[in-house]
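Trainee: Encoded as structure tokens, here's the structure I'll be asking about.
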Amino acid sequence: MDLFTPVTLGDLQLANRLVMAPLTRGRSGPDGIPGELVAEYYVQRAGTGLIITEGTYSSRAAQAFVGQPGIVTDAQVAGWRRVAAGVHARGGRIVLQVMHAGRVSHPEINGGGPITAPSAIAIDGVARTPSGKHPYPVPAELTVAQAHAVRDDFVAAARRAVEAGLDGIEVHGANGYLLHEFLSPAANRRTDGYGGAPENRARFVAEVVEAVAAEIGAGRVGLRISPEHNIQDAFEADRADVRATYGALLDRVRPLGLAYLSVLHAEPAGELVRELRERFAGPIIGNSGFSAPTSREEALALIEDSHADAVAVGRALIANPDLAERWHGAHTENPLRPEFFYTDGAEGYTDYPFLAGV
């Protein structure tokens, strides 16, 4: 097998093993509705084996960024329906990454709603709000009832995504947002059944995944994790605790038969990721490209050496909508323009050139 051969991930049949990583782009306006420009962006990249959308909020209180899309209102569902139809018309596959920001937000971003987290511990940093940069507030600790309501929001979001015609969803359990906050001993200081021991810290994430899988079918559900990523104060510095926590999580979700597990880690071929792959016993999407972009050579090696079943790529797909064709033919790539990552127009978004004749 190689990067350009088909692969099946649960119910998802992909033409190649190149996966578009979820990439925050902030083009969905104040109402969180993915419009024509967003649809064009994803449709341009439909030659990728699987598109994983940018993180999409499951409730208004879950919003993390200005311009972030949601999957809450009828208008947002209609916007995603247009995206999915366009991608499918070009033969592509697309899943919606669903997330809750947790403490990585601010009332000016989430409509004045509460900022919540597993524990009342603020991030040491600033949020970028419409009025400028402000310190992250101290979040309110979620009650058990509130945590169950968050779980139900994930379920409703998954149902709406399928109704909109998307091929499935990815549960965002990574990068310091709410679900990852439950996993991290630095962010989760609870003393109830959702805190303390590794299996307790893993419990809420497992319950969300189980509930989503029961709603739309496990073969349409992926889970993203980022052990030891240590971002946004979700620190995981003890390798033994990481093994115990993520091992407990994967023991819970393994029997479900999920479509895939996406693992973001600096060493995608390293010992920890190999252990997690064995524990999950299902398809793995490898992803190392956070501090540095994933290269063609790295992606090819991860597949050829059987360290992953597919590879998530981010920045190269921002600059090259036809990346699968470029990498297959070893063609030159477009230069990246990071100054346009988070602006609100077509420049640096949908104006990257295609190869001639593609």
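Trainee: Calculate the dipole size of the range 94-153 relative to its Cα centre from +1 charges on Lys and Arg beta carbons and -1 charges on Asp and Glu beta carbons; express the result in debye to the nearest 20.
Mentor: Working: 4 positive and 5 negative charges, 32 e Å.
That gives a dipole near 160 debye.
Trainee: So how strong a dipole does the chain carry about its Cα centre when Lys and Arg Cβ are +1 and Asp and Glu Cβ are -1, to the nearest 20 debye?
Mentor: On the way: 32 positive and 43 negative charges, 82 e Å.
Dipole size: approximately 400 debye.
Trainee: Counting alpha carbon pairs within less than 8 Å and at least 6 residues apart, what relative contact order, in whole percent, applies to the range 206-272? Provide the component values of the computation, followed by the final result.
Mentor: Numbers: 67 pairs, mean separation 30.4, N = 67.
45 percent.
Trainee: Measure off 7 Å from each Cα along the Cα-to-Cβ vector at ALA269 and ALA89, then give the distance between these two points in nanometres to one decimal.
Mentor: Reported label-point gap for ALA269 and ALA89 is 4.1 nm.
Trainee: Accessible area per residue, 1.4 Å probe, Å², for the chain: what's the number? Write down the numbers at each step before the final one.
Mentor: Details: 13190 Å² over 358 residues.
Heavy-atom SASA per residue in the chain reads 37 Å².
Trainee: Same structure again: Heavy atoms only, 1.4 Å probe, whole protein assembly: order LEU249, LEU355 by accessible area, highest first.
Mentor: Details: LEU249 0, LEU355 40 Å².
The most accessible residue leads, giving LEU355, LEU249.
Trainee: Expressed as a rounded percentage, what relative contact order does the range 272-329 have, with Cα pairs under 8 Å and six or more residues apart? Don't skip to the end; give the middle numbers.
Mentor: On the way: 44 pairs, mean separation 19.7, N = 58.
Dividing the mean separation by the residue count of the range 272-329 yields 34 percent.
Trainee: Further question on the same structure: Which one of SER105, ASN334, ALA15 has its Cα pushed farthest toward the positive end of the charge dipole of the chain, where Lys and Arg give +1 and Asp and Glu give -1 at the Cβ?
Mentor: Result: SER105, furthest along the dipole toward the positive end.
Trainee: With only Lys, Arg, Asp and Glu charged, each at its Cβ (+1 for the first two, -1 for the last two), find how big the charge dipole of the range 23-120 is about the Cα centre; round to the nearest 20 debye. Kindly include the intermediate steps, with their values, before the conclusion.
Mentor: Values: 9 positive and 6 negative charges, 57 e Å.
That gives the range 23-120 a dipole magnitude of about 280 debye.
Trainee: Roughly what would the spin-label model give for ALA149 and ASP74, points 7 Å off Cα along C-beta, in nm?
Mentor: Each label point lies 7 Å from its Cα, and together they span 2.4 nm.
Trainee: Give me a comma-separated list of calculated 3J(HN,Hα) values for the range 10-15, in order, Karplus coefficients 6.51, -1.76, 1.60 applied at θ = phi - 60°, integers in Hz, x for any Gly or Pro.
Mentor: Rounded to whole hertz, the list is x, 8, 9, 9, 10, 6.
Trainee: Helix check for the chain. Which DSSP H runs span at least 15 Å along their own axis by Cα, with a mean Kyte-Doolittle hydropathy no less than -1.0? Display every interim value, and only then the final one.
Mentor: Details: long enough: 74-89 (22 Å, 0.04); 144-163 (29 Å, 0.07); 198-216 (28 Å, 0.26); 239-253 (21 Å, -0.10).
Span-like helices, by this rule, are 74-89, 144-163, 198-216, 239-253.
Trainee: Next question. Going from most exposed to least, what order do PHE4, PHE290 have by accessible area with a 1.4 Å probe? Let's see the in-between values first.
Mentor: Working: PHE4 50, PHE290 95 Å².
Listed by decreasing accessible area, they come as PHE290, PHE4.
Trainee: How far is the Cα center of the range 266-312 from the Cα center of the range 65-93, in Å?
Mentor: If you average the Cα positions of each part, the centres end up 28 Å apart.
Trainee: Here is a follow-up. Hey, what's the Kirkwood Rh for the chain if you take every pair of different alpha carbons, in angstrom? Before the final figure, lay out each step's value.
Mentor: On the way: mean 1/r = 0.0497 Å⁻¹.
By the Kirkwood definition, the hydrodynamic radius is 20.1 Å.
Trainee: Would you kindly find the accessible area of PHE354, with a 1.4 Å probe and non-protein molecules such as ligands, DNA and RNA excluded, rounding to the nearest 10 Å²?
Mentor: Counting only protein heavy atoms, PHE354 exposes about 70 Å² to solvent.
Trainee: Give the ranking of GLU325, GLU236, GLU304 by solvent-accessible surface, highest area first, calculated with a 1.4 Å probe.
Mentor: Numbers: GLU325 70, GLU236 10, GLU304 110 Å².
If we order GLU325, GLU236, GLU304 from most to least accessible, we get GLU304, GLU325, GLU236.
The values are calculated or read from the model by the stated rules, or taken from the named source; none is laboratory data. Note that the coordinates shown come from a computational prediction; the quantities given were computed from them, not determined experimentally. Here Cβ is always computed from backbone atoms with ideal geometry, including for glycine, and neighbour counts include all displayed protein chains. Ligands, DNA and RNA are stripped out before the accessible areas are found, and what is left, the full protein with its side chains, is counted by its heavy atoms. Shrake-Rupley method; radii C 1.70, N 1.55, O 1.52, S 1.80 Å.
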